[in-house]
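> Here it is, the structure in full.
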Amino acid sequence: MATLLYTVSKRGVRSMHHIYFRPPWPFVKKGNTGQRKIGPVRIEAHKFPGQNREFELLTPKWKKENDPRLHRYTGVQETGFVDEKTGKYVHVPEMVNELVVPDLTGFKLKPYVSYRTDVTIEARRTAYEAKVREKGSEAMADLHTSEEQRWPPPKMTPETLFELCYGEQVRKAYKKDEYSDEKTVGAKKSDKRKSES
């Protein structure tokens, strides 16, 4: 039983024992493929168009016998052609990629609104027009409709924005008498006394 166990020198002396010469890749069961195959794992994307000839048609740098049309292959669309008679490259300005965009000088850009909102806008507009016809004028219709039902909707003003964000909070604080002059003036006087002493 003792002969089946191998011993490795602990003195730090390098020997010809196989434990010192491990393979650069793990050996696994024979017949497996992919990551479990025997041999190094080669990620071909890292090699492209590498010297190992994984893609023979796309390695003209190392394989000169390839089709001459592939010698300058870069994966980018050409901006010209090779003249068959002279063998020279002819640049064609029309083959250069360009972005064709309209001239927007003087055009006021507006926020994008989905076409799906057209149905709700149309229903809201017709309902408001019916309310105007019923009451006789827009001023009377505005008195009897909420802001959500008016068309066109009222413009956002600083006062409206302040009312939406802080209006209720300010009213509650005012009812609790948090903004009275006596409190603020008294606080200022006490601050002056502290600074003087």
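> Residues that are not aromatic (Phe, Trp, Tyr) and not in a loop (DSSP other than H, G, I, E, B): does region 107-117 have at least one?
So far as region 107-117 goes, yes, one or more of its residues are not aromatic (Phe, Trp, Tyr) and not in a loop (DSSP other than H, G, I, E, B).
> Related question: Say whether the condition of being modelled with pLDDT under 85 and surrounded by 12 or more Cβ atoms within 10 Å (Cβ to Cβ) is met by at least one residue in region 102-121.
Yes.
The values are calculated or read from the model by the stated rules, or taken from the named source; none is laboratory data. This structure is a prediction, so every number in the text was calculated from the model and none was measured. Virtual Cβ from ideal backbone geometry, glycine too; neighbours counted across all protein chains shown.
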